[in-house]
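K.L.:
This structure is in structure tokens; I'll ask about it shortly.
The values are calculated or read from the model by the stated rules, or taken from the named source; none is laboratory data. Worth saying up front: this structure is predicted, and the values here are computed from it rather than measured. Cβ coordinates were reconstructed from backbone atoms using ideal geometry, including for glycine residues, and neighbour counts include every protein chain displayed. Quick note on the areas: whole protein, heavy atoms, side chains included, nothing else; ligands and nucleic acids left out. Shrake-Rupley method; radii C 1.70, N 1.55, O 1.52, S 1.80 Å.
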Amino acid sequence: MTTKIKICGLTTGETLDAALDGGADFVGAVVFPKSPRHLAPDTAAELFARARGRAGIVAVTVDPDDALLDEIARTLRPDFVQLHGSETPARAERVRTLTGAGVIKALPIRQADDFAAADEWDYHADHLMFDARPPQGSTLPGGVGHRFDWTLLADRAFRHPWFLAGGLNPDNVGEALRITGAPMVDVSSGVESAPGVKDANRIAAFIRNARRS
């Protein structure tokens, strides 16, 4: 099975085109003001219009309220809403109802016990995303370039295809895939030249190396 690839936190036409031209399966717009990759929903809608029909459009959110979800649904019209905060499964079902989009739930991982939440979430999300738990004091739930012990995923099975995230880059994505067998990968800071600044060449290299694995 070919690994599916998500390039997240895109903010410019050049880097979005690099992801699309490289064959990314998903492209992500971060709608979270604390992130250096934040885009307002109307700005994201204008930029990501070129991706419609070419890749799945993902709105990345952190504990979004109903008003924000309504705005995202009306403007960006994403294929998926990614939940990266402290949302509950019940809230995820509400997100699905409000937006008409699928749900990706990011779960922070540091140790084996952190996978316990996956048992319940596996019935409420279209895709789980296993991301590294951010360091103490971080104001961001992800996109900080940290990785967890990938061997923790060995021999685990889930109901739906899942994403591996956290600390991935063009140089280590092949190793990550060999260790975990992840059906899907997500990258953000690993294809940047500075926080929030995507690099088209690194995007192309990441996609190329993931496809080779």
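K.L.:
Taking only protein heavy atoms and a 1.4 Å probe, what accessible area per residue, in Å², does the chain have with all protein chains in place?
P.N.:
Averaged over the residues of the chain, the accessible area is 44 Å².
K.L.:
With +1 on each Lys and Arg Cβ and -1 on each Asp and Glu Cβ, how big is the dipole of the range 20-110 about its Cα centre, in debye rounded to the nearest 20?
P.N.:
Roughly 220 debye for the range 20-110.
K.L.:
Further question: Expressed as a whole percentage, what fraction of the accessible surface of the range 2-106 belongs to carbon and sulfur atoms when a 1.4 Å probe is rolled over the protein heavy atoms?
P.N.:
Result for the range 2-106: 48 percent of the exposed heavy-atom area is carbon or sulfur.
K.L.:
Still on this structure, I have one more. Please work out how much length the chain gains when fully extended from Arg212 to Thr43, using 0.36 nm per residue of separation minus the C-alpha to C-alpha distance, in nm with one decimal.
P.N.:
57.4 nm
K.L.:
Which shape class applies to the range 1-101: rounded if a/c is under 1.5, otherwise prolate when a/b exceeds b/c and oblate if not, where a ≥ b ≥ c are the square roots of the Cα gyration tensor eigenvalues?
P.N.:
Judged from the Cα gyration tensor, the range 1-101 comes out prolate (a/c at least 1.5, a/b above b/c).
K.L.:
Here's a follow-up. Can you tally the net charge around Ala165? Count Lys and Arg as +1, Asp and Glu as -1, for every other residue whose Cβ sits under 13 Å from the Cβ of Ala165.
P.N.:
+3
K.L.:
Of the residues Gly196, Gly53, Gly13, which exhibits the maximal mean-square fluctuation in a Gaussian network model of the chain defined by a 10 Å Cα contact cut-off?
P.N.:
Its mean-square fluctuation being the largest, the pick is Gly53.
K.L.:
Once the dipole of the chain is set up with Lys and Arg at +1 and Asp and Glu at -1 on Cβ about the Cα centre, which of Phe32, Ala205, Phe148 lies farthest towards its positive end?
P.N.:
Towards the positive end, the residue furthest out is Ala205.
K.L.:
For the chain, what does the relative contact order come out to in percent, with C-alpha contacts under 8 Å and a separation of six or more?
P.N.:
Taking the mean separation of contacting Cα pairs over the length of the chain, I get 21 percent.
K.L.:
Based on a Kirkwood Rh over C-alpha pairs, give the Stokes-Einstein translational diffusion coefficient of the range 163-210 at 4 °C and viscosity 1.567 mPa s in µm²/s.
P.N.:
Answer from the Stokes-Einstein relation: 122 µm²/s.
K.L.:
Note down the magnitude of the dipole of the range 86-213 about its Cα centre, charges +1 on Lys and Arg C-beta and -1 on Asp and Glu C-beta and zero elsewhere, to the nearest 20 debye.
P.N.:
380
K.L.:
Okay, next question. For His146 and Arg54, calculate 0.36 nm times their separation in residues minus their Cα-Cα distance, and state this gained length in nm to one decimal.
P.N.:
30.2 nm
K.L.:
In what order, largest first, do Thr12, Thr180 sit by accessible area if the probe radius is 1.4 Å?
P.N.:
Sorted descending by solvent-accessible area, the residues read Thr12, Thr180.
K.L.:
With +1 on the Cβ of every Lys and Arg and -1 on the Cβ of every Asp and Glu, and nothing else charged, how large is the dipole of the range 57-130 about its Cα centre, in debye rounded to the nearest 20?
P.N.:
In total the dipole reaches around 220 debye.
K.L.:
Which whole-number percent is the relative contact order of the range 60-135 (Cα, under 8 Å, 6+ apart)?
P.N.:
The normalised contact order for the range 60-135 reaches 28 percent.
K.L.:
Considering only protein heavy atoms, with the full assembly of protein chains and a 1.4 angstrom probe, order Thr2, Thr75, Thr61 by accessible area, largest first.
P.N.:
Thr2, Thr75, Thr61
K.L.:
Relative contact order for the range 1-120: what is it in percent, counting Cα pairs under 8 Å that are at least 6 residues apart?
P.N.:
19 percent.
K.L.:
Continuing with this model, one more query. State the three equivalent ellipsoid semi-axes of the chain, derived from the C-alpha gyration tensor as the square roots of 5 times its eigenvalues, in descending order and whole Å.
P.N.:
Semi-axes (√(5λ), whole Å): 23, 21, 16.
K.L.:
Once you put a point 7 Å from the Cα of Arg156 and another 7 Å from the Cα of Ala117, both along the Cβ direction, what distance in nm separates them?
P.N.:
Rounded to a tenth, the inter-label distance reads 1.2 nm.
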